[in-house]
Structures are given as C-alpha cells and as structure tokens.
Amino acid sequence: MERTAIFPGSFDPFTRGHAALVEDALKLFDRIIIGIGNNTAKHGLLAVENRKRLIEDIYRDNNRVTAEIYTGLTGEFAEQKGACAIIRGVRNTTDFEYERTMEATNHRIYPQLTTVMLFTPSAVADISSSTVREVLSFGRSVEEFLPEGIEIDKYL
C-alpha cells in the first residue's frame, strides 16, 4: 500500500527550506503531494498558479512529488487525496507551538491523519518565504534562498 503525505503551505515562494523538508519526507513516504493553499483573501508575491508551476519545475524529474492547489481545510484535502499524514516543518520554538496547536485541532477533526513534524535542517532554517519576499522587495537577489536553478523572475 502506497503511503502518501500532504505537505501543505502557501509556498510564496517555495524555498530551499521547503525542498529540504520534501527530501526528508521522501525517506518516510512513497508519495508527497505539495498542497498549495489558495487563500483568496491574501495577495501574495506569486499567483497561486505560478507557485504550482515553480514547484512542478523543481520536481519535474521526480514522479513521487506532485503539486496541487487547494482551498478549504487541509485535513479535508488530505482525505480526498487518500493521504495518511500531514507534513509540517519546524524551524524554531515559535513554529513548534503553532504547529502543535494545529496538530491538536486536526487530530480532533481527522483522527485518522497523523501529523509528522520535521525539523528544518539548520543550514536552511533561517530561510522563510516572508524573508525572501522582503529581500526581493529591496531589489536584491534571492537566488541563495531558492532551490538550485530557480529564477524567481520567471514566475512573477
């Protein structure tokens, strides 16, 4: 039986930290679906379709990783996809407290889903999408924050 996990987030944009978590998750699961949450009330850096395209470009040679846009509850999305787990990344204690609360809520509503918290590797733990957006807003290069070969201008 194939073990599928959902890795949800806004991924605006997808960073080296996100990619490191996907690599770790692939050691535990057969298939990872990167679920790109589409909050229509938020206006981000990249259009949600471009976030999906960026992730598809990164994983075009890896048939174990796919990207999908979704709205609504992550647990509902996970159920629809037949996932057994939700992957969450933790960079620091602030992330941990937030993710622990989310896990408790998800467990109440979707007891069949397991939340797996993965620690972001220290080499990329300082990278966040919001940091990338801020650096970019000042006209600086963000190449070192993004997965290798990704040129953000292509997705803006």
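The values are calculated or read from the model by the stated rules, or taken from the named source; none is laboratory data. If you're wondering where the values come from, they're calculated on a predicted model, not measured in any experiment. Heads up, the Cβs are rebuilt from the backbone with ideal geometry, glycines too, and the neighbour counts pull from every protein chain shown. Accessible surface is based on the protein model in full, side chains and every heavy atom, while ligands, DNA and RNA are left aside. Shrake-Rupley method; radii C 1.70, N 1.55, O 1.52, S 1.80 Å.
Key figures
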item	result
Neighbours by Cβ (under 7 Å, 6+ apart or cross-chain): first from region 67-96, in contact (Cβ under 8 Å) with a residue 24 or more places away in the chain; second acidic (Asp, Glu) and open to solvent by 20 Å² or more (accessible area, probe 1.4 Å)	Ala67/Glu56
Residue list for region 22-43, filter: in contact with a Gly (Cβ under 8 Å, 6 or more places away or on another chain) and polar (S, T, N, Q)	none
Set Ala19, Ala41, Ala47: member being aliphatic (A, V, I, L, M), within 18 Å of Gly149 (Cβ to Cβ) and open to solvent by 10 Å² or more (accessible area, probe 1.4 Å)	Ala19
Members of region 60-73 found to be in contact with a Lys or Arg (Cβ under 8 Å, 6 or more places away or on another chain) and part of a strand (DSSP E or B), listed by number	Val65, Thr66, Ala67, Glu68, Ile69
Identity of the residue in region 96-127, of a type in the set (Asp, Glu) and open to solvent by 30 Å² or more (accessible area, probe 1.4 Å), that ends up farthest from the chain's Cα centre (by Cα)	Glu97
Residue match in region 123-142 (condition: touching an Asp or Glu at 6+ places or on another chain (Cβ under 8 Å) and basic (Lys, Arg))	yes
Elements of type helices (runs of 4 or more DSSP H) in region 74-156, at least 3 residues being hydroxyl-bearing (Ser, Thr, Tyr) and farther than 17 Å from Arg51 by Cα	93-109
Odd one out for Arg88 among (1) closer than 21 Å to Met1 by Cβ; (2) open to solvent by 40 Å² or more (accessible area, probe 1.4 Å); (3) in contact with a helix residue (DSSP H, G or I) (Cβ under 7 Å, 6 or more places away or on another chain)	(1)
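A quick yes/no check of all residues on (1) surrounded by fewer than 20 Cβ atoms within 10 Å (Cβ to Cβ); (2) over 13 Å from Pro147 (Cβ atoms); (3) of a type in the set (Phe, Trp, Tyr); (4) modelled with pLDDT of 95 or more:
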| residue | (1), (2), (3), (4) |
| --- | --- |
| Lys27 | yes, yes, no, yes |
| Ile33 | no, yes, no, yes |
| Asp57 | yes, no, no, yes |
| Asn63 | yes, yes, no, yes |
| Gly75 | no, yes, no, yes |
